[in-house]
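Below is one structure, written out as structure tokens; the observations come after it.
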Amino acid sequence: MRRARPLSVAIAACAALTTAMAVPASATPASAARIAGAGREIHTRVDTGIYFGPGLSTPQIGTAWAGDNVAGICQVLDNNGKRLVLSIERPGRNGVQWANTAGYIWDLDIVEYTGNLPSCDGYGKGVHPRVDTAVYSGPGLSTPQVGTAWAGDDVAGVCKIDDNNGKRLVLGIERPGRNGVQWANSAGYIWDLDITEYTGDLQDCGVS
């Protein structure tokens, strides 16, 4: 014959069962559910241009669509004192623009306050291309080539990401540029194999 459990044990067992039923097995803290990556999540209030360099007169290489998840990485002022934010447009658009296209977005088109983002001056890890190499707008060697990182130039390595073929690219800021050819501090992705330094210790750029 089984002995009856003490009342206190039965109450504790019922409480544990009730708690377990109240929390779905799939529930996780919001912080754990978010995908980590470079920058801070921001959103644009309108569809707005993404620029290759830190100025509204530099080439527009893409679009950040209103309400999309955009990673704001650092801030810079253009020659007219207007703030731009180096950003990664996370989702992109199928058949139109690659996910994680990167460039500068005008601050006035961003919903959140960005004045507390770090300065792009001195941001990132200093790396150097071993050859003149292409700068791409998206994290893939088949995305549009938008500029050049010249051999030996000072490039700020911001973050790393693998393309669809497992090749690592580094989001970089090509510091010096070339007078009359390319703006200083133009930003985009550079193939890791063309970089002299080890880049595996850079933070991940993140995903959509």
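The values are calculated or read from the model by the stated rules, or taken from the named source; none is laboratory data. Since the structure is predicted, the reported quantities are computational estimates derived from the model, not experimental observations. Quick reminder, even Gly has a Cβ in these numbers, built from the backbone with ideal geometry, and neighbours come from all protein chains shown. Just the protein is used for accessible areas: all its heavy atoms, side chains included, with ligands, DNA and RNA removed. Shrake-Rupley method; radii C 1.70, N 1.55, O 1.52, S 1.80 Å.
Points worth noting:
- Surface analysis of the range 88-208 yields an accessible area of 45 Å² per residue, using protein heavy atoms and a 1.4 Å probe.
- For the range 114-181, applying the loop criterion from DSSP together with a ceiling of 16 other beta carbons within 10 Å to the trypsin sites (Lys or Arg not before Pro) yields Arg130, Lys167.
- Cα shape, the range 114-153, gyration tensor, a/c 1.5 rule: oblate
- Cα gyration tensor shape of the range 148-208, rounded if a/c is under 1.5, else prolate or oblate by comparing a/b with b/c: prolate
- The range 27-153: C-alpha gyration tensor shape, a/c 1.5 cut-off, then a/b vs b/c: rounded
- All lysines inside 18 Å of Lys125 as judged from Cα atoms, apart from same-chain residues fewer than 8 positions distant: Lys160
- For the range 176-185, 3J(HN,Hα) per residue [Karplus equation, 6.51 cos²θ - 1.76 cosθ + 1.60, θ = phi - 60°, Hz, x = Gly/Pro]: x, x, 9, 4, x, 10, 8, 4, 4, 6
- Among 194-203, 105-114, sorting by the average number of other beta carbon atoms lying within 10 angstrom of each residue, highest first, gives 105-114, 194-203.
- Total formal charge among the other residues, if their Cβ is under 15 angstrom from that of Gly67, Lys/Arg +1 and Asp/Glu -1: -3
- Spin-label pair Arg130-Asn69: with each label point 7 Å from Cα along the Cα-Cβ axis, the two points sit 3.5 nm from one another.
- Rounded percent of accessible protein surface that carbon and sulfur make up, the range 125-208, 1.4 Å probe: 46 percent
- Potential lengthening between Tyr198 and Asp47 on full extension [0.36 nm per residue; Cα-Cα distance subtracted]: 50.7 nm
- For the range 53-68, backbone phi angles converted through the Karplus equation (6.51, -1.76, 1.60; θ = phi - 60°) give residue-by-residue couplings of x, x, x, 6, 9, 7, x, 7, 10, x, 9, 9, 7, 3, x, 5 Hz, Gly and Pro being listed as x.
- Pair Arg178, Asn80: separation of 7 Å Cα→Cβ label points (nm): 2.7 nm
- Over the range 77-208, the pair-distance histogram of Cα-Cα distances with 5 Å bins from zero comes to 2, 11, 21, 24, 21, 13, 7, 1, 0 percent, rounded to whole numbers.
- Fraction of accessible area attributable to carbon and sulfur, the range 52-116 (%, probe 1.4 Å): 48 percent
- Contour minus Cα-Cα distance for Val207 and Tyr113 (0.36 nm per residue): 31.6 nm
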